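The values are calculated or read from the model by the stated rules, or taken from the named source; none is laboratory data. Model, not experiment: these values are computed from the prediction. Positions of Cβ are generated from backbone atoms using ideal geometry, with glycine treated the same way; all protein chains shown enter the neighbour counts. Note: accessible area is taken over every heavy atom of the protein model, side chains too, but ligands, DNA and RNA are not part of it. Shrake-Rupley method; radii C 1.70, N 1.55, O 1.52, S 1.80 Å.
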Amino acid sequence: MKNTATFQMLLAIGVTAMQHQEQTQRKYDLNSTGGSGSSSDGSDTGLRKPPGSLRKKDFRKFVHFFRQASPYIEGHREKTFVIVIPGEVVAEENLLSTVVEDIALLHSLGVRVVLVLGARQQIDELLQKQGEAPQYAAGYRVTDAIAMQATVQAAGASRMAVEAQLSKGPSLQVIRRHSRSSEQMHYGPALHTVTGNYVAGKRKGVVGGVDFGSTGLVRFVQADAIRKQLNGGHIVLLGNLAYSAAGEVLNCDCYSVATQAAIDLQADKLFCMTTPSLQPFDLPQWLPISDAEQLLQSLLESKGERQLARQAEGAVGRTGPGEIDFERWYVSGLPLALIAACAACQRGVKRAHLVDARMDGALLLELYSRDGVGTMLSADFYEGIRGAVPQDLAAIQGLLLPLEERGILAPRSDAQLLSDLRFFRVAERDANVLACAMVKPLGAGCDNEVVSEVAAFCVHPDYRGSGRGDSLLAYLEQEAKSQRVDRLVLLTTRTADWFEQRGFQHAGPAHASPFLPDGRRQQVDQARNSQLYVKSLADPPQFETFEEDDDDVHAETPVLLNSKA
């Protein structure tokens, strides 16, 4: 059964890739010579390759992708993702098509998907067509009877647009090639979607003398009912509509719906698809929740709105066991996607991602590549990791000494530790140091790449297997990348397996490896016969540099590949 599931996943990737290419390349293009085919070596002779085919020069890229993506495919299976597609993305047919194709692929790879569709732009356009001006107060829409009619119409149109995309069938040409030719094939919709009155809301009411009409605030989502649908293999569609205990239909915001859904479902991730108008800031690849909150405050203060910043302080904080304070979101005038991500992480969602919808395949790259292409907010992954201070010296010595006595680590004198303390990072909990590691700059390597050494990597025995080591290593890698380090190296005699599983590659005996800078190589104790392991942080990977000709597939393969953690 597992082999069958693996085959189906790989086949789904191939089918989806072909469908995407069929949309972008509707027909073959003949060149001016009027050729009629392609040569055996894959070079163009007139007729371009059909959709879904691979050039020889891309074979290694294709194989490498599957190899490095496989742990992510397995890791994300059966996980629950809430994905927000705002109205600005739904309105762009090409953007919506590519985003939904990627979502369909995620579902085929075992991800449990809840989609939240926005319609703000569409509501405004419908009102304007009727000669009505959209009304807002403190960022919220004033939803009168006419606006409510437009809201229901826009929400339905958004849902049907997504359902239509998810109903596309697979390519029969590919399916038949990988199945028995005698089998009859009848296909209904490729995926099954469900929607319903899953979102509970309440009227916003009259605030500051303004009657907001049918504008609503989200109370909760019916998590058990949604989980039942997800367990049945369905994609759940939510929108900007909520339902009150009085039987009213209310107009809410897609970000508030998505955030509450992610919290109530205890989702593993929240994704916000963005555009430059929705998220105009240049954010780093990883943003701790504490830094994100500071960023929100600083953005308000930079606008000269210090009083507003004080009012908005805690806007992503808790207000009680069942609700989040969305009231101050709109007052701030800051990107709702960023605030939603902060709120979700504060209330238990482990990861929130801001992903540019304009990038083809952005969801796949964010999930199945090492570094991703968006911004990830996290509340817990690097919690408690910081630079070492002199008060940590005794704790670090306590961690390292048992390993030095067993010969796993090379011994370090007190003077060496004190001298290198500024390069150490520690992971602590309740003021107790649970793990430590050092990343020391080594300068330029043999190929002029900037090299740093990972050393003295140790986790307290009571906390091994808890993910502390992975968190610490990931922190070190992110920090090294921010310092423009191209390559990490480490010397080890007994712990190679752990590091190999996290992307380090063997580069031979340390005393003889050209990947270790000369100055450091001369310090290696040859009697220990330490082996060198290397991990490239450079982007793009070395192996992806090819000549344009198809027959260059036999070019020499570099010694080191850039693999994922």
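Where helices (runs of 4 or more DSSP H) fall entirely within segment 50-167, those with at least 1 residues that are within 24 Å of Ala258 (Cβ to Cβ) and open to solvent by 60 Å² or more (accessible area, probe 1.4 Å) are at 93-108, 120-129, 145-166. For Ser277, the conditions (1) small (Gly, Ala, Ser); (2) open to solvent by less than 10 Å² (accessible area, probe 1.4 Å); (3) in contact with an Asp or Glu (Cβ under 9 Å, 6 or more places away or on another chain) all hold with the exception of (2).
Pairs are defined by a Cβ separation below 7 Å, a sequence spacing of at least 6 or placement on different chains, a first member in segment 400-421 that is in contact (Cβ under 8 Å) with a residue 12 or more places away in the chain, and a second member that is open to solvent by 30 Å² or more (accessible area, probe 1.4 Å) and in a helix (DSSP H, G or I); the pairs so defined are Ala410/Arg528; Leu417/Leu393; Leu417/Gln397; Leu418/Leu393; Leu421/Pro390; Leu421/Leu393. Looking at segment 414-425, is at least one residue modelled with pLDDT of 90 or more and aromatic (Phe, Trp, Tyr)? Checking segment 414-425: at least one residue is modelled with pLDDT of 90 or more and aromatic (Phe, Trp, Tyr). Inspect segment 370-392 for any residue being open to solvent by less than 40 Å² (accessible area, probe 1.4 Å), assigned to a helix (DSSP H, G or I), out of contact with any strand residue (DSSP E or B) (no Cβ under 6 Å at 6 or more places or on another chain) and of a type outside the set (A, V, I, L, M, F, W, C) and give the result as yes or no. Looking through segment 370-392, none of the residues is open to solvent by less than 40 Å² (accessible area, probe 1.4 Å), assigned to a helix (DSSP H, G or I), out of contact with any strand residue (DSSP E or B) (no Cβ under 6 Å at 6 or more places or on another chain) and of a type outside the set (A, V, I, L, M, F, W, C).
Among the residues of segment 516-536, the one identified as under 31 Å from the mean Cα position of the chain (by Cα) and either β-branched (Val, Ile, Thr) or modelled with pLDDT under 90 (or both) is Val534.
On inspection, Val206 fails the criterion of being of a type in the set (Val, Ile, Thr) and touching a residue at least 24 places away in the same chain (Cβ under 8 Å).
Among the residues of segment 204-254, count how many are of a type outside the set (A, V, I, L, M) and in a strand (DSSP E or B).
8
Listed by first and then second residue, the pairs with beta-carbon distance under 9 Å, at least 6 apart or on different chains, first residue in segment 477-495 and farther than 18 Å from Phe423 by Cβ, second aromatic (Phe, Trp, Tyr) and buried (at least 22 other Cβ atoms within 10 Å of the Cβ), are Thr495/Phe457. Looking at segment 411-424, which of its residues are closer than 24 Å to Leu488 by Cβ and either open to solvent by 40 Å² or more (accessible area, probe 1.4 Å) or in a helix (DSSP H, G or I) (or both)? The answer is Pro411, Arg412, Gln416, Leu417, Leu418, Ser419, Asp420, Leu421, Arg422, Phe423.
So, in segment 349-359, how many residues would count as being assigned to a loop (DSSP other than H, G, I, E, B) and modelled with pLDDT of 90 or more? Before the answer, list the steps.
Residues of segment 349-359 that are assigned to a loop (DSSP other than H, G, I, E, B), as a first pass: 349-350, 357-359.
Retained after the next criterion (residues that are modelled with pLDDT of 90 or more): 349, 357-359.
Of the residues in that region, 4 qualify.
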